[in-house]
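As structure tokens, the structure follows; a few thoughts come after it.
The values are calculated or read from the model by the stated rules, or taken from the named source; none is laboratory data. For clarity, every value in this text was computed on a predicted model and none was experimentally measured. Here Cβ is always computed from backbone atoms with ideal geometry, including for glycine, and neighbour counts include all displayed protein chains. Heads up: the accessible areas ignore ligands, DNA and RNA and are worked out on the full protein's heavy atoms, side chains in. Shrake-Rupley method; radii C 1.70, N 1.55, O 1.52, S 1.80 Å.
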Amino acid sequence: MKADALARLPSVDRVLRWPPVAALAASHGRAPVLHVVRAALDACRAAATVPDDDALCDDIGRRVEADLAPSLRRVLNLTGTVLHTNLGRAPLPQEAIDAMVQVASGASNLEYDLATGKRGDRDSHVEKWLCRLTGAEAATVVNNNAAAVLLTLNSLGARRDCIVSRGELIEIGGAFRLPDIMARAGCRLREVGTTNRTHLRDYAEAIGPRTGLLLKAHTSNYRIEGFTAEADPVKLGALAAEHGLPYVVDLGSGTLTDLSRFGLPREPTPADTLREGASIVTFSGDKLLGGPQAGIIVGRADLVARIKKNPMKRALRCDKLTIAALGAVLRLYADPDRLAQRVPALRLLSRPAAEIEAQALRLLPAAAQWAGGRGRVDVVPVQSQIGSGSLPVDLLPSFALRIAPAGKRGGQALEALATALRSLPLPVIGRVADGALLLDLRCLDDEAGLLAALLPA
Ligand SMILES: *Cc1c(COP(=O)(O)O)cnc(C)c1O
């Protein structure tokens, strides 16, 4: 019976000759459509069903569309976490996007010195600005800050003791654990002090003939409070210098400007940290800096030269798009007065709550219409987070559209609402809190986009 039915299934060649399928092949190419036709026929065989020709045609059309749709897509980040690692962290300034487009489509002087016609250095496009903005003697960039830490430790501390406080043996999300990175860098971890208190003398007592460097990691995603002590960074720098050892600081976020000018808490900058005596500072390009994913290494010229000579640098280097974008972002920092308008991450972080509330009230009717009978929508005050481990306990006052599911089965209804928003043509990502879905509007740049997603014309 089943075999009988399946015998009526059309052949791949016949299906490819059906006019609607032939039209798909003409617009998308024969190979991708052939792949889908085979998959659709396999699915029929697996289910032992023979749809009529029209139904099979529709199925193939849907499958082609789904198969060729890009997997990596734009979404609206309404989670309230501004630098959301899973959602791609910092949105880029237009200047950075334009710079990437310029170099993406053709040849560039990435490693070519236009003055001499000789081989150049890709770091040269950002080094001048990094030095000017941090006061460093030299700078280099790699794929991300995890790579910057790995490369620095391997270049300056391989086969030697690297001294670090027990209170700073950090884990950042996504399998970055300092002790593991140290081991992979070939360094021997020499822990000193205790979880809550580490003194200068702990470092001093640990220094010996096998010491390679002193490391300080910014505890960016947690805070130790109460009975705590850490060594004065200036004295730590002096101690390292006295013994001729590099003093390396992993700053994590590393903003290049005083955040208090945007009403945000002040974070140590790479310039502060170098001034306090660090020999090398590493930080991310796509956290508070608001640029592309990159790991930035700044500091003493002799040490940066050793880092650049390490063969691992070649494996961890940035591509031309990143260098183009980073260069453009750094040039924006030359004019701190206009940063808040030009660097989207800083603009979003410093948006006044009243402006977000007004936006929420404008969008309330559309959100209520979208929710219909599925939930009740209102505007509520919430707290946004900076994210990416930056300033972990400082919350930013914001406003959200709160969608509370209607009916008794709250949990399921809530999940259904969240799924419906994620399934929109422009997916909307909120967060669940206290039995409701919150759409924190702090990061909503594209109000028209959200309106069109909720209420398509
Ligand atoms: C975020 C962070 C890292 C990792 O940086 P990526 O750019 O995400 O690789 C390393 N150290 C600290 C202290 C951080 O905050």
Within region 233-275, tally of residues that are within 22 Å of the chain's Cα centre (by Cα) and in a loop (DSSP other than H, G, I, E, B): 12
Have a look at Leu439, Leu451 and point out the one that is more than 16 Å from the ligand (Cβ to nearest atom) and outside any strand (DSSP E or B). Leu451
Scan region 422-437 residue by residue and report those that are surrounded by 17 or more Cβ atoms within 10 Å (Cβ to Cβ) and more than 22 Å from the chain's Cα centre (by Cα). Ala436, Leu437
In region 63-87, anything free of Cβ contacts under 8 Å to residues at least 24 places away in the same chain and within 16 Å of the ligand (Cβ to nearest atom) is listed as Asn86
Within region 108-138, residues hydroxyl-bearing (Ser, Thr, Tyr) and assigned to a helix (DSSP H, G or I) come out as Ser124, Thr134
For region 110-123, enumerate the residues that are exposed (fewer than 14 other Cβ atoms within 10 Å of the Cβ) and under 16 Å from Ala301 (Cβ atoms). Asp121
Mind listing whichever residues of region 139-160 are away from the ligand (no atom under 13 Å from the Cβ), surrounded by fewer than 20 Cβ atoms within 10 Å (Cβ to Cβ) and either assigned to a helix (DSSP H, G or I) or not hydrophobic (A, V, I, L, M, F, W, C) (or both)? Arg159, Arg160
Looking only at residues in region 237-261 that are touching a residue at least 40 places away in the same chain (Cβ under 8 Å), closer than 30 Å to Gly208 by Cα and within 16 Å of the ligand (Cβ to nearest atom), which one is surrounded by the fewest Cβ atoms within 10 Å (Cβ to Cβ)? Gly252
If we ask which residues in region 169-188 are open to solvent by less than 60 Å² (accessible area, probe 1.4 Å) and modelled with pLDDT of 90 or more, their number turns out to be 7
Considering only region 283-308, how many residues are open to solvent by 10 Å² or more (accessible area, probe 1.4 Å), outside any loop (DSSP other than H, G, I, E, B) and touching a residue at least 12 places away in the same chain (Cβ under 8 Å)? 4
Pair list, Cβ under 8 Å, 6 or more apart: region 359-370 residue more than 15 Å from Ala404 (Cα to Cα), other residue surrounded by fewer than 21 Cβ atoms within 10 Å (Cβ to Cβ) and of a type in the set (D, E, K, R): Gln359/Glu447; Arg362/Glu447; Leu363/Glu447
Given (1) more than 16 Å from the ligand (Cβ to nearest atom); (2) buried (at least 19 other Cβ atoms within 10 Å of the Cβ), identify the lone condition not met by Ala406. (2)
Output the number of residues of region 126-137 satisfying the condition of being of a type in the set (Gly, Ala, Ser) and out of contact with any strand residue (DSSP E or B) (no Cβ under 7 Å at 6 or more places or on another chain). 1
From the set of residues in region 263-278 that are surrounded by fewer than 24 Cβ atoms within 10 Å (Cβ to Cβ) and of a type outside the set (D, E, K, R), which is farthest from the ligand (Cβ to nearest atom)? Gly263
Do we have any residue at all in region 31-48 that's open to solvent by 80 Å² or more (accessible area, probe 1.4 Å) and either under 30 Å from Ile403 (Cβ atoms) or modelled with pLDDT under 95 (or both)? yes
Residue set Asp59, Asp42, Asp54, Asp98; condition in contact (Cβ under 8 Å) with a residue 24 or more places away in the chain and outside any loop (DSSP other than H, G, I, E, B); output residue Asp98
